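Contents: one structure, followed by commentary.
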Amino acid sequence: MLSTPVLSAPSRISLSPRSISTLPTRLRPHDLLRVTDQSASDVLEGRLDHLLPDGGRWPIGERWAKRLHSDDDLDVWLISWVPDRSTELHDHGGSLGALTVLSGSLLEYRWAGTELKQRRLDAGDQAAFPLGWVHDVMHDPASATTGPTLSVHAYSPPLTAMSYYEVTERSTLRRTRSELTDAPEKATL
Ligand SMILES: [Fe+2]
């Protein structure tokens, strides 16, 4: 956890009456998208270099993550993605989520009720994950970048648990296990 918060965006969010609900967080997907966008800029413009791997040596064997910010409302993580390592189909427990891709490309397979829908997320693209969102995310092998594939993720409330799923022969979703974790997208910390 950082002693000095690097993000100020959440404290500037004004709450409308519609924001008061039974959801477990005062933040909404568009708030998280704004946070990941700002954090992506902070990384790309060098303001968070002290949190990045020494000498720009990004791990090449496993997905890697660094917490950029943490408070009672949200966690913000930088993730580097590597080939042949998917997250497995998972949800984010009781947390909302969002991401911004900084470099490279990701593939997301999202459960759409009866099948998995694929989309590609390139540098600059964003995605939000409402409660109940189940997806598998991976480095896109067709990514044209020669550098690291990076994305910033925000979760609110901070991630504490994830469940994993498989698609059955009847085209339904079966939960296979749940884990207590604060590690985003099954990353190595
Ligand atoms: Fe996820």
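Charged side chains reduced to their Cβ positions (Lys and Arg at +1, Asp and Glu at -1) give the chain a dipole of some 380 debye around its Cα centre. All C-alpha pair distances within the stretch 22-66, sorted into 10 Å bins from zero, spread as 22, 36, 29, 12, 1 percent across the bins. Placing unit charges on the Cβ atoms of the charged side chains and taking the dipole of the chain about its Cα centre, the candidate lying farthest along the positive direction among Gly55, Thr176, Ala123 is Thr176. Residues whose amide H comes within less than 5 Å of that of Asp140, counting only those at least five positions distant or on another chain, are Ser105, Leu106, Leu107 (H built at 1.01 Å from N in the peptide plane).
Work out the length of the dipole vector of the stretch 124-185 about its Cα centre, built from +1 on the beta-carbon of each Lys and Arg and -1 on the beta-carbon of each Asp and Glu, and round it to the nearest 20 debye. The calculated dipole for the stretch 124-185 is roughly 240 debye.
Among rounded, prolate and oblate, which fits the stretch 142-189 when a ≥ b ≥ c are the square roots of the eigenvalues of its C-alpha gyration tensor, a/c under 1.5 means rounded, and a/b larger than b/c means prolate? It is oblate, given that a/c is not under 1.5 and a/b is not larger than b/c. Across the protein chains, with a 1.4 Å probe defining accessible surface, the residues Arg28, Arg120, Arg175, Arg110 rank Arg175, Arg120, Arg110, Arg28 from largest area downward. In plain terms, the C-alpha convex hull of the stretch 98-189 casts an average shadow of 6.5 nm² when viewed from every direction.
If you take all C-alpha pairs in the stretch 117-161, what percent of them are over 11 Å apart? Of all Cα-Cα pairs in the stretch 117-161, 76 percent lie more than 11 Å apart.
Rounded to whole numbers, the Karplus 3J(HN,Hα) couplings from phi for the stretch 36-47 are 5, 5, 5, 5, 4, 4, 4, 5, 5, 9, x, 6 Hz, using 6.51 cos²θ - 1.76 cosθ + 1.60 with θ = phi - 60°, and x at Gly and Pro.
If R0 is taken as 30 Å, the Cβ-Cβ distance between Ser86 and Thr22 corresponds to a FRET efficiency of 0.40. For the chain, the carbon plus sulfur part of the accessible surface works out to 49%, probe radius 1.4 Å. Only the Cβ atoms of Lys and Arg (+1) and of Asp and Glu (-1) were treated as charged; on that basis the dipole of the stretch 81-185 about its Cα centre amounts to roughly 220 debye. In the calculated pair distance distribution of the chain, what percentage of Cα-Cα distances lie above 20 Å? Counting every Cα pair in the chain, those more than 20 Å apart make up 53 percent.
Based on every Cα atom in the stretch 43-117, Rg and the maximum pairwise Cα distance Dmax equal 14.6, 45 Å.
Per residue, the chain exposes an accessible area of 51 Å² to a 1.4 Å probe, with every protein chain left in place.
Around the amide H of Gly94, modelled in the peptide plane, lie the amide H atoms of Thr160, Ala161, all under 5 Å away and 5 or more residues distant in sequence or on another chain. In the complete set of protein chains, residue-level accessible area for Arg47 is approximately 120 Å², probe 1.4 angstrom.
The values are calculated or read from the model by the stated rules, or taken from the named source; none is laboratory data. Quantities reported herein were computed from a predicted structural model and do not represent experimental measurements. As a convention, Cβ positions derive from the backbone with ideal geometry for all residues, glycine included, and neighbour counts pool all protein chains shown. Areas reflect the complete protein model, heavy atoms only, side chains present, ligands, DNA and RNA absent. Shrake-Rupley method; radii C 1.70, N 1.55, O 1.52, S 1.80 Å.
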